[in-house]
Amino acid sequence: MTSQFSSAPGPIGIFDSGYGGLTILHGIRQLLPDYDYVYLGDNARAPYGPRSFDIVYEFTRQAVRKLFEMGCHLVILGCNTASAKALRTIQTNDLPGWDATRRVLGVIRPTAEVIGHLTRNNHVGLLATEGTVRSHSYDLEIKKLWPELTVTGVACPFWVPLIEYNEADSPGADYFVKKRIDELMRMDPMVDTIILGCTHYPILMPKILKYVQPGVRIVPQGEYVADSLKNYLERHPELESRCTRKGTCRYYTTENAEKFTESARIFLRQDVNVEHIDLE
């Protein structure tokens, strides 16, 4: 089947519904700085967490297609909700018709692959958006690889707004962070390892560490996704050869570009040049 997209080599695409995927992008660029990247944030329609499976799938599908049109042969869904609700359907239903040589990867599998090595007593906690917790995607992926693990998930509906409104360091954030950690530990007091199942949550790390019990390990996703991508490219040289390497990164948002620049500072601690883009 002839591809609908250019066969010329291009950047690696990173997609998120908002800003959290910037933590994934940062981790990847730290480990793999030579490649070119395109970051696309669907900020105008964020958050994805409370939305239905069908809507998240359609929005994610539009974004992946746009990144393919921009020259990407590989797209990372740097969004747990999109990974949970849309990744498998895109891989199964869309890629064969679009271009079977292109790839879309998520952020749940890399974390699931390592979690069994990180827990000491096989009791794992998950803090994530409502959509990710209700999808049971982490439970299913982890059980495939580590059937002996117990996974307990708690939704944290106010954490993303706290971060995006730059309130992560405020006293008010303490209440919401402590409340969800306490809830998780009531549900399973044996939890010794907690997955941050939303790419925003590393911004709250100082508060999270303040309220977890000593010895509980916190697992942000950035470094594990980066390690997994490095390994993936090494195992798939035919795909790696179609990823350009000039060390560049471009940013696009479906929202106001100036607003994106302001919020991106929270996640990257630097200014970025961003362009507005339409997906529909």
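Quick notes on this one:
- Rounded to 10°, Cα long-axis angle of helix 222-235 versus longest principal axis of the chain: 40 degrees
- Lysines with Cα under 21 Å of LYS66, excluding same-chain neighbours fewer than 8 positions away: LYS85
- For the chain, the solvent-accessible area works out to 44 Å² per residue, with a probe of 1.4 Å and every protein chain left in place.
- Per-residue SASA remark: CYS198, around 10 Å² accessible (1.4 Å probe; ligands, DNA and RNA not included).
- C-alpha long axis of helix 257-268 to longest principal axis of the chain, angle in °: 50 degrees
- Here segment 1-141 is assigned +1 on the Cβ of each Lys and Arg and -1 on the Cβ of each Asp and Glu. Its dipole about the Cα centre then comes out at about 120 debye.
- Computed over protein heavy atoms with a 1.4 Å probe, the carbon and sulfur contribution to the accessible area of segment 1-100 reaches 51%.
- Among the trypsin sites (Lys or Arg not before Pro) within segment 97-154, those in coil by DSSP and having at most 11 neighbouring Cβ atoms inside 10 Å are ARG120.
- Accessible surface for LYS259 stands near 90 Å², nearest 10, in the context of the full protein assembly shown (1.4 Å probe).
- Portion, in percent, of the accessible area of segment 163-224 that falls on carbon or sulfur, probe 1.4 Å: 56 percent
- About its Cα centre, segment 94-232 has a charge dipole of approximately 180 debye under the convention of +1 per Lys or Arg Cβ and -1 per Asp or Glu Cβ, with nothing else charged.
- Think of the chain as having a plus end and a minus end, set by charges on the Cβ of Lys, Arg, Asp and Glu; of ILE266, TRP146, SER228, TRP146 sits farthest toward the positive end of this dipole.
- Assigned charges on the beta-carbon of Lys, Arg, Asp, Glu; segment 59-155 dipole about Cα centre (debye): 120 debye
- Of the residues MET205, MET190, ranked by 1.4 Å probe accessible area with the largest first, the sequence reads MET190, MET205.
- Portion, in percent, of the accessible area of segment 231-280 that falls on carbon or sulfur, probe 1.4 Å: 41 percent
- In segment 173-247, lysine pairs closer than 27 Å at Cα, eight or more apart or cross-chain: 5
- C-alpha center-to-center spacing [segment 134-208, segment 105-126] in angstrom: 13 Å
- Other residues with beta-carbon under 15 Å from the beta-carbon of LYS85 carry, at +1 per Lys or Arg and -1 per Asp or Glu, a net charge of -2.
- Heavy-atom accessible area order for SER83, SER3, largest first, 1.4 Å probe: SER3, SER83
- Calculated FRET efficiency for the pair SER241/ASP174, C-beta based, R₀ 41 Å, to 0.05: 0.25
- Between 0 and 90°, nearest 10: helix 53-69 axis offset from the chain longest Cα axis: 40 degrees
- Take the Cβ atoms of GLU148 and LEU31, set R0 to 45 Å, and the FRET efficiency comes out at 0.90.
- The chain - mean residue ellipticity at 222 nm from DSSP helices (-39,500 (n - 2.57) per run, n ≥ 4, rounded to 500): -13000 deg cm²/dmol
- For segment 137-179, applying the loop criterion from DSSP together with a ceiling of 11 other beta carbons within 10 Å to the chymotrypsin sites (Phe, Trp or Tyr not before Pro) yields TYR165.
The values are calculated or read from the model by the stated rules, or taken from the named source; none is laboratory data. Computed from a predicted model, the values in this text were never measured in an experiment. When we count neighbours, we look across all protein chains shown, and the Cβ atoms used for this are built from the backbone with ideal geometry, even at glycine. With ligands, DNA and RNA removed, areas are computed over all heavy atoms of the protein, side chains included. Shrake-Rupley method; radii C 1.70, N 1.55, O 1.52, S 1.80 Å.
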